[in-house]
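Written below as structure tokens is the structure these notes are about.
The values are calculated or read from the model by the stated rules, or taken from the named source; none is laboratory data. Fair warning: this is a prediction, and the values are worked out from it, not measured in the lab. Note that each Cβ is placed from the backbone with ideal geometry, even for glycine, and that neighbours are counted across all protein chains shown.
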Amino acid sequence: MAIRHDEAGKRFVMDLGDGSEALLVYRPMGDALEFYHTFVPESHRGQGLAEKVVAEAFRYARDHRLKVIPSCPYVSGTFLRRHKEFQNLVARR
């Protein structure tokens, strides 16, 4: 399933084929993106979809030389524990 960057909506979205979406919502903060909300419909949980969407958002940040403020608990906890390769993108407070 493809992930698209909905720049106008400030989110990364994976269409799940049944009219539902997995997503990560962000807000621009200068030279950083604050990743503040992820969502996967209950019927699609446990398939690693949030991980795929968040990884795509981190790749976007890296490619655009942006830092990430991980205020979403999933991003700051679960995702970053599993993906040390993105730690260098985290904005230091």
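I'm trying to understand the selection: among the residues of the range 68-93, which are under 12 Å from the mean Cα position of the chain (by Cα), among the hydrophobic types (A, V, I, L, M, F, W, C) and over 18 Å from Lys10 (Cβ atoms)?
Phe79, Leu80, Phe86
Out of (1) over 22 Å from Gln87 (Cα atoms); (2) over 13 Å from the mean Cα position of the chain (by Cα); (3) of a type in the set (Lys, Arg), the odd one out for Arg65 is which?
Checking Arg65 against (1) over 22 Å from Gln87 (Cα atoms); (2) over 13 Å from the mean Cα position of the chain (by Cα); (3) of a type in the set (Lys, Arg), the one that fails is (1).
From the list Gly9, Gly17, Gly48, which residue is more than 17 Å from Arg65 (Cα to Cα) and modelled with pLDDT under 95?
Answer to the check: Gly17.
Can you list residue pairs whose Cβ atoms sit under 6 Å apart, with the first residue in the range 51-72 being over 13 Å from Val90 (Cβ atoms) and at pLDDT 95 or above and the second being buried (at least 21 other Cβ atoms within 10 Å of the Cβ) and among the small types (Gly, Ala, Ser)? Count only pairs 6 or more apart in sequence or on different chains.
Matching pairs, first to second residue: Val53/Ala22.
Of all residues in the range 40-78, count the ones that are surrounded by fewer than 17 Cβ atoms within 10 Å (Cβ to Cβ) and not in a helix (DSSP H, G or I).
Result for the range 40-78: 8.
Got at least one residue in the range 44-60 being farther than 22 Å from Met1 by Cα and among the charged types (D, E, K, R)? Show your work before the answer.
Within the range 44-60, the first condition is being farther than 22 Å from Met1 by Cα, and the residues that meet it are none.
No; the residues of the range 44-60 include none that is farther than 22 Å from Met1 by Cα and among the charged types (D, E, K, R).
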